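Participant: Next up is a structure, given as structure tokens.
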Amino acid sequence: MSDIKAIYNPDTVSFSWGITAPGLTADNGLETAVMLSLFADRRAKKDDMLPSGDDRRGWWADAYAEEQNDFFGSRLWLVYREKQMTTVLRRVEEYAFEALTWMVEDGVVQSVNCQAEVIRDGVLGLTVTMTRGNNLATKYRFEIFWKGN
């Protein structure tokens, strides 16, 4: 089974679909699932500090989830305007792990490891390592622009 390949544009923080003549590009790996899990906005928890206003965002279909607390996306959007501090990096790792845990629970991968770092002023680096059977690991690296100081 494969997905339609999603292509992430960090400059605009948006996605587009891969196109290969004569149609859409297939993704037979985990990349699209990882990107959508990380960069779709999960609904903020009641005790989360919101960047502005009272918009808790979230995926509309979460209201119809068959399992309680089975939410789509991540809460990474909550930190994009925060200061580049170690405590914020730990939250980035927590939010990324939270968003990808479903892959372990569903048996898609054996483990998930998330590591965040400041690459340079205004740029957050996130490395995700997915381990499958026979200890085969796949790494994904993302650079996310930070609007905080």
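Participant: Could we say that ASP48 is over 29 Å from ASN135 (Cβ atoms), modelled with pLDDT of 85 or more, under 12 Å from the mean Cα position of the chain (by Cα) and surrounded by 10 or more Cβ atoms within 10 Å (Cβ to Cβ) here?
Facilitator: no
Participant: Filtering the stretch 54-85 down to residues that are assigned to a helix (DSSP H, G or I) and not aliphatic (A, V, I, L, M), which residue is farthest from LEU38 (Cα to Cα)?
Facilitator: The extreme case among them is TYR64.
Participant: From the list ARG75, ARG42, ARG91, ARG81, exactly one residue is touching a residue at least 40 places away in the same chain (Cβ under 8 Å), surrounded by 15 or more Cβ atoms within 10 Å (Cβ to Cβ), more than 21 Å from ARG132 (Cα to Cα) and of a type outside the set (A, V, I, L, M, F, W, C). Which is it? Spell out the reasoning first.
Facilitator: Numbers: ARG75 fails: touching a residue at least 40 places away in the same chain (Cβ under 8 Å); ARG91 fails: touching a residue at least 40 places away in the same chain (Cβ under 8 Å); ARG81 fails: surrounded by 15 or more Cβ atoms within 10 Å (Cβ to Cβ).
Just one listed residue meets the conditions, ARG42.
Participant: Out of all the residues in the stretch 92-110, is one or more over 22 Å from MET49 (Cα atoms), aromatic (Phe, Trp, Tyr), modelled with pLDDT under 95 and within 18 Å of the chain's Cα centre (by Cα)?
Facilitator: Yes: one or more hits.
Participant: State whether the residues of the stretch 18-36 include one that is within 22 Å of GLY125 (Cβ to Cβ), surrounded by 15 or more Cβ atoms within 10 Å (Cβ to Cβ), of a type in the set (Ser, Thr, Tyr) and modelled with pLDDT of 90 or more.
Facilitator: No, because not a single residue in the stretch 18-36 is within 22 Å of GLY125 (Cβ to Cβ), surrounded by 15 or more Cβ atoms within 10 Å (Cβ to Cβ), of a type in the set (Ser, Thr, Tyr) and modelled with pLDDT of 90 or more.
The values are calculated or read from the model by the stated rules, or taken from the named source; none is laboratory data. Note that the structure is a prediction, hence the values are computed from the model and not measured. All Cβ positions, glycine included, derive from the backbone under ideal geometry; neighbour counts span all protein chains shown.
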